[in-house]
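Taking it in order: structure first as structure tokens, then the write-up.
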Amino acid sequence: MNASTSPATRPTIAPVAPLTDEHLRFSPLGLDEVRITSGFWSDWQRTNREVTAPHSVRWIEEDGAVDAFRRVAKGTPLSAAERPGMWFSDSDVYKTLEGLAWDLGVEPSEEFTRVIGDLAREIAAAQGDDGYLNTFVQEGNGERYAKLGWSHEMYCIGHLIQAAVAHKRTTGRDDVLDIAVAAANRLVGDFGDRKRTETDGHPEIEMALVELYRVTGTREYLTLAQQFLDLRGHGELDTNGNFDSVYYQDATPFREETTTVGHAVRAVYLIAGAVDLYLETGEDALLEAAERQWESMTATKTYVNGAIGSRVEGEAFGDSFELPPDLVYGETCATIGAMMLSWRLLLATGRSRYADSIERGLFNLVAASTSAERNAFFYANPAQRRTPRPAAPVGERPPRAEAPGTRPSWFVCACCPPNILRTVASLGAYVATSNSTGVQVHQYVPTRITAPVSSGTVALEMSTGYPVDGTVRITVRASTEDAWTLSLRSPDWADTVRVAVNGEAVNAAPSPSGYLEVERRWTEGDEVTMTLPMGPRYTVTHPQTDAVRGQVAIERGPLVYCFESPDQADGVDLNRVDLLVDEPIAEDEPADLLGSTAVVLRVPAVLRDEQAWATTGWAPLDAGPGTQDGGTQDGGAHGGAGSRVELVAIPYFLWANRGPSVMRIFTPYRRG
């Protein structure tokens, strides 16, 4: 069902705001319509504002990213060898600016308004008279567009545009937008109507140009985004000798691709841009290709914690089921990009599986990407750590692939911290949607929701302790006289879900799209209660995932759990334990853990006696736990000798906050 109220006439303060509702199943709601009011995510938005934002502003000054604009404006350039940071550090400034702008949509701030104004003036002063803007090139390090496969010129402009869109939507101001429009017009002038048949090696510009079209109505931006997508996939990108065409998503035309390949962030950004194009043009082939690639990624190339990109080399997707937990790259930006893609597909199709994917990535990998204090970050996110790694040097910027034992405060390649900043600031926009039939709730977060439906405007209040407990209450604060439908996502991990209205049970089986739909003539004070099963459960992966065959993970609700060495008894080596999966897992009462309310699990296990492996590393099958049946991944009852232990499991998102440690998600198991 299409939305009843078009964003063209109702400004939407959200990262994705289609200009037409013709191809939408759900219409996005803005930050002024969905307010996160309490709980984990509200606390994170507060620390995002109070800690992460000023931390990011300080670091883009300290690492020279802002100073690059000043040098260009003053005509005092540095050579590539002298220049600090990455050649695409402009994008770090733009993403930080975007994060500040989205936060203004949540809460006014004189300080953020001042910082944005100061940054806008620095950027505008560096911009060429013809609109061109890239400090690396403007400092004399190469010719314009000479090495597009590797230069990130359009990638940087894409992030400038997204910052400008955020600022325009939250404040109505044009000072950043004017800079972005001039830069976009330069691209139209240089590349439009296929004056040049090239595109950027790092997708980003596609979805940015579509969003700029949505703000300005200038169709040339939409047309250029389509051109850049169409040019990709023919093996013609100048890669500057770095990697191959697959890495750049340039080996197969987008509409023919069947899976996600190459650099993970590039891949999901490109698919997201294609879905944006579908939402404005209605080209079914784009949506079909995007869904096909998403399905392959989710089924065969995504880790249980929401990580994507299994290879350090190229920060890339591997083959199907190539998911080693200790070697995973799992870049934070990649999972954020996958969430951005899933959100667009949710708007286009109305299918809950996309909201399920967002939940997995958000509650696990993204939540783990930042320290409990919100001032240190993971670039790569491991799913297993066999030995404690040294702590990250305080105040320094280690190389991005170092994968330290704890989170460093910043990176030479600083794409992830400001990406986290902008995602958390805009999080309210991903909670709920509406259309002519009613309101859809996708993420269970304490919120106040105001949403348009066909007969007027309704208001809801959601309260919940999720994911600590599984009770979600939604109270109707205002309604219309006509009936409308409240749709609640039935999570893919939940086998039974109970729904009641004003205390009376409702027989609401999930619809084909995965939502529990309650239609009625609502009145103020009506209360819907949804109860989700929150007991811990063991999870196995596909038998073709050889790296963790014969192992299990533990999940509770949407949370993935892990074992970390600081929680275990003395002498327990997490590298040689087997879980006893036929015995129950015990839950501690919810308590404060590293600043978050969490349920700690106590898991029965055996500490293996590994004498049989002591000399060669090999042993007969009966000497220790193994896989009896590759189809069932049964760990078997022939587990060998060992001593019983009780392991402590904590939510994965809290790991690496207590110094270097051993950690694992998947663990061998025994039956019987």
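The values are calculated or read from the model by the stated rules, or taken from the named source; none is laboratory data. The structure presented is a predicted model; accordingly, all values stated were derived computationally and were not measured. Positions of Cβ are generated from backbone atoms using ideal geometry, with glycine treated the same way; all protein chains shown enter the neighbour counts.
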*Among residues of region 579-588, those that are of a type outside the set (Gly, Ala, Ser), in a strand (DSSP E or B) and surrounded by fewer than 23 Cβ atoms within 10 Å (Cβ to Cβ), counted*: 2
*Give ASN141, ASN134, ASN185 a once-over and let me know the one that is polar (S, T, N, Q) and more than 20 Å from ALA65 (Cα to Cα).*
ASN185
*If you go through region 251-271 one residue at a time, how many are basic (Lys, Arg) and within 17 Å of GLU291 (Cβ to Cβ)?*
1
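Residues checked against (1) of a type in the set (S, T, N, Q); (2) without any contact (Cβ under 8 Å) to a residue 12 or more places away in the chain; (3) out of contact with any Leu (no Cβ under 6 Å at 6 or more places or on another chain):
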site: PRO15; (1), (2), (3): no, no, yes
site: PRO18; (1), (2), (3): no, no, no
site: SER27; (1), (2), (3): yes, no, yes
site: PRO77; (1), (2), (3): no, no, yes
site: MET86; (1), (2), (3): no, no, yes
site: SER89; (1), (2), (3): yes, no, yes
*Just a yes or no: is a residue in region 78-101 surrounded by 16 or more Cβ atoms within 10 Å (Cβ to Cβ), of a type in the set (Gly, Ala, Ser) and part of a loop (DSSP other than H, G, I, E, B)?*
yes
*Given region 155-232, what helices (runs of 4 or more DSSP H) lie entirely inside it while holding 3 or more residues that are over 17 Å from LEU279 (Cβ atoms) and in the same structural domain as LEU270 (by TED's automatic domain parsing)?*
none
*Residues that are in contact with a His (Cβ under 8 Å, 6 or more places away or on another chain) and basic (Lys, Arg), drawn from region 124-177*: ARG173
*Counting just the residues of region 455-466 that are in a loop (DSSP other than H, G, I, E, B) and modelled with pLDDT of 95 or more, which one comes out surrounded by the fewest Cβ atoms within 10 Å (Cβ to Cβ)?*
GLY465
*Considering each residue of region 40-63, count those that are buried (at least 22 other Cβ atoms within 10 Å of the Cβ), over 13 Å from SER109 (Cβ atoms) and free of Cβ contacts under 8 Å to residues at least 60 places away in the same chain, and give that number.*
0
*Quick check: is even one residue across region 473-482 buried (at least 16 other Cβ atoms within 10 Å of the Cβ), modelled with pLDDT under 95 and not β-branched (Val, Ile, Thr)?*
no
*For THR252, which of the numbered conditions (1) touching a Leu at 6+ places or on another chain (Cβ under 7 Å); (2) farther than 23 Å from ASN419 by Cα; (3) in contact (Cβ under 8 Å) with a residue 12 or more places away in the chain; (4) not in a helix (DSSP H, G or I) fails to hold?*
(1)
*asked:* Please go through region 336-367 and give me each residue that is basic (Lys, Arg) and more than 12 Å from the chain's Cα centre (by Cα), ordered by number.
replied: ARG344, ARG351, ARG353
*Answer yes or no as to whether GLU107 is touching a residue at least 12 places away in the same chain (Cβ under 8 Å), surrounded by fewer than 21 Cβ atoms within 10 Å (Cβ to Cβ) and under 30 Å from THR37 (Cβ atoms).*
yes
_Per-region count, region 281-306, residues more than 30 Å from MET663 (Cα to Cα) and surrounded by 23 or more Cβ atoms within 10 Å (Cβ to Cβ)_ = 3
_Being part of a loop (DSSP other than H, G, I, E, B), within 29 Å of ARG556 (Cα to Cα) and at pLDDT 95 or above: is that true of ASP469 here?_
yes
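Residues are listed down the side, and each one gets a yes or a no for (1) modelled with pLDDT under 90; (2) under 30 Å from SER434 (Cα atoms); (3) among the basic types (Lys, Arg):
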{"residue": "MET340", "(1), (2), (3)": "no, yes, no"}
{"residue": "LEU346", "(1), (2), (3)": "no, yes, no"}
{"residue": "ARG353", "(1), (2), (3)": "no, yes, yes"}
{"residue": "SER369", "(1), (2), (3)": "no, no, no"}
{"residue": "ASN375", "(1), (2), (3)": "no, no, no"}
{"residue": "ALA380", "(1), (2), (3)": "no, no, no"}
{"residue": "ALA392", "(1), (2), (3)": "yes, no, no"}
{"residue": "GLU396", "(1), (2), (3)": "yes, no, no"}
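For region 42-61, does any single residue satisfy the condition of being among the charged types (D, E, K, R) and more than 23 Å from VAL445 (Cβ to Cβ)?
yes
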_Let me spell it out: the conditions are (1) buried (at least 23 other Cβ atoms within 10 Å of the Cβ); (2) more than 11 Å from the chain's Cα centre (by Cα); (3) under 26 Å from ASN242 (Cα atoms), and LEU327 meets all of them except one. Which number is the exception?_
(1)
*Selection within region 18-39 - part of a loop (DSSP other than H, G, I, E, B) and surrounded by fewer than 23 Cβ atoms within 10 Å (Cβ to Cβ)*: LEU19, THR20, ASP21, GLU22, HIS23, LEU24, ARG25, GLY30, ASP32, THR37, SER38
